[in-house]
Amino acid sequence: MPTVYSLSCTDCDNAKLFGFIQVPFMVLDDGQRRNLPHPGEDRAAKHQTGLSVRQLRKLGRIGRRNAFTCERCLDFQLFADDEVVDSCAACGHTTVLCLGDLVGKRESHLKCAKCRTGSLVLAATGRS
Ligand SMILES: [Zn+2]
Ligand SMILES: [Zn+2]
């Protein structure tokens, strides 16, 4: 069972839940990246590449995408370290923040759109 993360406001009840903050992907034969589903990673890998996750990892064909959230609309998006994160795909806002960097911080740059006074902080809330 994955850890569930909650992005919640310090001042009001505004909150959003995330099931993960990182997602592994595999590189297909044609170079495309495809997120690996969980559970069932091996089955998906074999089906699409003919190789197991372990074999793909040896070949350097397994990577991770980090979860980001838009500072304005809180849309959830995934990007790998070498993928350009320049703006929110949903609203075009140019500040998207890596959720991994927010874990455990008491304050963040994410202002609550609901009460406009609090800031949104990320915490692991246990397992689903
Ligand atoms: Zn946005
Ligand atoms: Zn709030």
query: Looking at region 47-62, which of its residues are buried (at least 17 other Cβ atoms within 10 Å of the Cβ) and either in contact (Cβ under 8 Å) with a residue 24 or more places away in the chain or polar (S, T, N, Q) (or both)?
result: T49, V53, L56, R61, I62
query: Of the conditions (1) away from ligand 2 (no atom under 16 Å from the Cβ); (2) exposed (fewer than 13 other Cβ atoms within 10 Å of the Cβ); (3) outside any helix (DSSP H, G or I), L17 fails just one. Which one is it?
result: (1)
field: Subset of region 95-124 [in a loop (DSSP other than H, G, I, E, B) and surrounded by 12 or more Cβ atoms within 10 Å (Cβ to Cβ)]
entry: T95, K105, S108, L110, C112, A113, K114, C115, G118
- request: Filter region 1-13 for residues that are within 12 Å of L110 (Cα to Cα) and either within 16 Å of ligand 1 (Cβ to nearest atom) or of a type in the set (D, E, K, R) (or both) and give the result.
  value: L7
query: With respect to R72, is the statement that it is touching a Cys at 6+ places or on another chain (Cβ under 8 Å), not in a strand (DSSP E or B) and not hydrophobic (A, V, I, L, M, F, W, C) true?
result: yes
- prompt: Is there a residue in region 86-106 that is over 19 Å from the mean Cα position of the chain (by Cα) and either within 23 Å of C12 (Cα to Cα) or modelled with pLDDT of 90 or more (or both)?
  reply: yes
message: Based on this model, can you work out whether L78 counts as surrounded by 14 or more Cβ atoms within 10 Å (Cβ to Cβ), of a type outside the set (D, E) and more than 13 Å from S8 (Cα to Cα)?
response: yes
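The values are calculated or read from the model by the stated rules, or taken from the named source; none is laboratory data. The model shown is predicted, which means the values in this text are computed figures rather than measured ones. Cβ sites come from the backbone with ideal geometry, for glycine too, and all protein chains shown count toward neighbours.
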